[in-house]
Amino acid sequence: MRFAIEAWATDYGSPMEMDDRFGADTKVDVNVELPAARWKPLTPGTSTEVPSSVLFTDGVRRIDARVWIETPTGSRPGVCASYAAGAIRCDGSAQVVAATVERGLFSAATEAASITSRHAHYGVRRAKGDSSEELWLAIQDRMGELESAIADDHNTDLTLVDGPLRGNLGGPQRVGYVKTHHVNYLPEELGMVVSQLDAGQRTPVFLTLGRWGRFCWYVRLPGAKGHQWAGVVRCETSADAPIEEAIKLASTVTKTLPRFASASHKDPRAPQNLYPIAGLERELRRRLGDPQLLYRDLRVAASLEVQSQT
């Protein structure tokens, strides 16, 4: 396979920046835990148990190089990417219990073949199309599969997945933890309940019906309350669970999260960037390796491939 590495290094940014906007056309049922007319901030009761063991999973990905693959009809794009997923368990202490790193050449071109450089091997991973969004989504999907597999391998009282749940939503104790809000699921009059939340409170549980069904709720973490959404995160779990279990889980999560919330003098994304997730993310990025080294290796591999075919 003949290929070329784009000269513009990825250190200077990538056009493949895609917001997580899925759900913009999602239908919402707000009358799940409470009728809309009775919505108010909810505080977990004193009888709400806090799990003794919490598993946090996260994934990171990086474009090492953009690739152009020669085909009989011209060149088609692809990306060489490194991605990793892992888990950290908090049960009185914090310990990284899993970390898996993979690399792949993502492309829709049937001519794509694995690339082996001095320090890395990029196996072929098929994308659905040539667009930047489709290539990026292929990486995201593979990283999500790794996260799900790691969560399946570790039994714990509560599993928090950094980001929205996708595909296989997993068991009833698996919760998606969403720090940024690209979609406002609530009508304006109920969105006002979010602004009324104090630290450690949540909204009533509501149901979203889109690509996947999910029970969702908003939680405010402790920290400065500068605006309506300051310190607010969205949590979600599978809609396959009975509503009573989802409500109980919502209270458990709401009571659990504040002890892991970060402080502004330690993390610029405080309080939403939970300490275990931030620590796991740093460890996974370290394991991805030196991006400049991998980029240079890929350029050398491309040059050697051209020489071997001339």
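Quick notes on this structure:
- Just so you know, in segment 10-59 the residues that are modelled with pLDDT under 50 and either touching a helix residue (DSSP H, G or I) at 6+ places or on another chain (Cβ under 6 Å) or of a type in the set (Lys, Arg) (or both) include one that is farthest from LEU288 (Cα to Cα), and it is ARG21.
- If the condition is being buried (at least 17 other Cβ atoms within 10 Å of the Cβ) and in contact with a Ser or Thr (Cβ under 7 Å, 6 or more places away or on another chain), then segment 198-222 contributes GLY200, GLN201, ARG202, THR208, ARG214, PHE215, CYS216, TRP217, TYR218, VAL219.
- Number of positions in segment 255-310 that are small (Gly, Ala, Ser), surrounded by fewer than 17 Cβ atoms within 10 Å (Cβ to Cβ) and part of a helix (DSSP H, G or I): 3
- Only one of the numbered conditions (1) farther than 30 Å from ARG259 by Cα; (2) touching a strand residue (DSSP E or B) at 6+ places or on another chain (Cβ under 7 Å); (3) not polar (S, T, N, Q) is not met by LEU137, and that is (2).
- Some residue of segment 79-102 being aromatic (Phe, Trp, Tyr), modelled with pLDDT of 95 or more and over 15 Å from the mean Cα position of the chain (by Cα): no
- Qualifying position, being among the basic types (Lys, Arg) and at pLDDT below 95, among ARG202, ARG174: ARG174
- Residue in segment 234-245 that is among the aliphatic types (A, V, I, L, M), crowded, with 17+ Cβ neighbours inside 10 Å and either assigned to a strand (DSSP E or B) or modelled with pLDDT of 95 or more (or both) present: no
- Filter result (within 17 Å of ASN184 (Cβ to Cβ) and of a type outside the set (A, V, I, L, M, F, W, C)) within segment 221-241: HIS227, GLN228, GLY231, ARG234, GLU236
- Conditions (1) assigned to a loop (DSSP other than H, G, I, E, B); (2) of a type outside the set (Asp, Glu); (3) in contact with a strand residue (DSSP E or B) (Cβ under 6 Å, 6 or more places away or on another chain): number failed by TRP217: (1)
- Among the residues here, ASP290 does not qualify as of a type in the set (Asp, Glu), within 24 Å of the chain's Cα centre (by Cα) and at pLDDT below 95.
- Selection count, segment 67-89, where residues are touching a helix residue (DSSP H, G or I) at 6+ places or on another chain (Cβ under 8 Å) and either under 18 Å from SER148 (Cα atoms) or surrounded by fewer than 23 Cβ atoms within 10 Å (Cβ to Cβ) (or both): 8
- Apart from one condition, SER114 fits all of (1) surrounded by 14 or more Cβ atoms within 10 Å (Cβ to Cβ); (2) over 30 Å from GLY279 (Cβ atoms); (3) over 20 Å from the mean Cα position of the chain (by Cα); the exception is (1).
- When segment 198-214 is limited to residues that are over 21 Å from the mean Cα position of the chain (by Cα) and in a loop (DSSP other than H, G, I, E, B), the one that is nearest to VAL50 (Cα to Cα) turns out to be GLY200.
- In segment 33-65, the residues that are surrounded by fewer than 22 Cβ atoms within 10 Å (Cβ to Cβ) and touching an Asp or Glu at 6+ places or on another chain (Cβ under 7 Å): PRO41, PRO51, SER52, SER53, VAL60
The values are calculated or read from the model by the stated rules, or taken from the named source; none is laboratory data. The model shown is predicted, which means the values in this text are computed figures rather than measured ones. Cβ sites come from the backbone with ideal geometry, for glycine too, and all protein chains shown count toward neighbours.
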